[in-house]
Amino acid sequence: MIRFKNLFILVFVALALCTSLVAQTGSAAYKIDRLVTFLAMGTGATTGTYFPLGNAFANVWSTRVEKVSVMAHSTSGSIENIQLMRRRELDLAIAQSDVVTAAINGTGSFLGHPCPNLRVLMSLYPEVVQIVVLADSGIETVSQLRGQRVIVGAPGSGNAITSLELMAAFGIDKADFEPVYISYDEALQAMERRDYTAAIVIAGTPTRMISELKLRVPVRILTLTPSETASLTAALPYLAAVNLPAATYQGQDKPVTTVALMAMLIASSRLSDDIAYSLCRGIFDHLDYLKTIHERARDVSLETIMNGVPQGYAHPGALRFYQERKK
């Protein structure tokens, strides 16, 4: 495993040393460089939503927030991000709200190994459950996924864990279908080759993987019935029923009924209150720019930033920013 933060700092120190060769020791510029706080951020697969949005955040913070430099890294997603944060290889990350709650409480994939040092900077946007099938597969309902090989996400990812919870809530146990553990990037290639007929993608929309897949092979997104959404939200309270608007993707001429959870921007409790404050302010001060980078930035608002945040786990620096901004 690459130690993201250490690598980032080594690269910057090398550049600083090169700069010092052409500047006097103790120069003002060198002193300013030494005051920069370096942060490593975990995102997700390059064809997901976390990666482009996380890179946009890192760019804003590094270029428009004083004394902060952030490097975003592609990972397998929520669970790996939190594991890397536990090992102090990441300072920031984007993660699913259900995975964050499980990590704090020491349940699910974190059973017996809670992460009490996690803090939430903000809830970002809804992560929509999108059940994608080949258009000619004959699959019209979730129940028809029984007996199928279904892509559920990268091994150990939040996408994979939540996908299995969803299938169980539908009454489809692991013995009733074959989960396939591959990343979004690999899923794109595999479905193009028609190796598998279905994939569960949990991400902000439009999801790059699905957009690209639709350009390569005809696919559909299953719509859920009212009874299916009711069953899901009752079994998994972190979900809410949502509608995926028509034309979210090329060739999608009707809305799709499905469910969603929240994506969260998280940090370590070791992150200072002042830096947490500056990061939150950086996002809201440059939200118009961020909206031009990815559509999901349009969902970031003061009205929803605390949605789903576990009680007592909002970062104090983030809370200070929100309290000031809401006045």
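The values are calculated or read from the model by the stated rules, or taken from the named source; none is laboratory data. For clarity, every value in this text was computed on a predicted model and none was experimentally measured. Ideal geometry is used to build each Cβ from the backbone, glycine not excepted, and the neighbour counts take in all protein chains shown.
Here is how the numbers come out for the structure above:
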read-out: Counted residues, the stretch 42-84 - those being under 21 Å from Glu212 (Cβ atoms) and assigned to a loop (DSSP other than H, G, I, E, B); value: 11
read-out: Qualifying residue in the stretch 23-30 (condition: closer than 28 Å to Pro116 by Cα, assigned to a loop (DSSP other than H, G, I, E, B) and modelled with pLDDT under 95); value: no
read-out: When residues of the stretch 153-185 are limited to those that are within 21 Å of Ala45 (Cβ to Cβ) and assigned to a loop (DSSP other than H, G, I, E, B), the one nearest to the chain's Cα centre (by Cα); value: Ser157
read-out: Enumeration of residues in the stretch 225-239 that are under 23 Å from the mean Cα position of the chain (by Cα) and touching a residue at least 60 places away in the same chain (Cβ under 8 Å); value: Leu232, Ala235, Leu236, Tyr238, Leu239
read-out: First in the stretch 293-312 and charged (D, E, K, R), second anywhere and surrounded by fewer than 18 Cβ atoms within 10 Å (Cβ to Cβ), Cβ under 6 Å, 6 or more apart; value: Arg298/Lys291
read-out: The stretch 54-67: number of residues that are closer than 17 Å to Ile266 by Cβ and in contact with a Gly (Cβ under 9 Å, 6 or more places away or on another chain); value: 3
read-out: Single residue of Ala95, Ala45 found to be surrounded by 22 or more Cβ atoms within 10 Å (Cβ to Cβ), modelled with pLDDT under 95, closer than 16 Å to Ser183 by Cα and of a type in the set (A, V, I, L, M); value: Ala45
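Yes/no matrix, rows are residues, columns are (1) outside the structural domain of Val99 (by TED's automatic domain parsing); (2) over 20 Å from Gly308 (Cβ atoms); (3) crowded, with 19+ Cβ neighbours inside 10 Å:
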site: Tyr184; (1), (2), (3): yes, yes, yes
site: Asp195; (1), (2), (3): yes, yes, no
site: Ala198; (1), (2), (3): yes, yes, yes
site: Gly204; (1), (2), (3): yes, no, yes
site: Lys214; (1), (2), (3): yes, yes, yes
site: Ile221; (1), (2), (3): yes, yes, yes
site: Thr225; (1), (2), (3): yes, yes, no
site: Leu236; (1), (2), (3): yes, no, no
site: Ala241; (1), (2), (3): yes, no, no
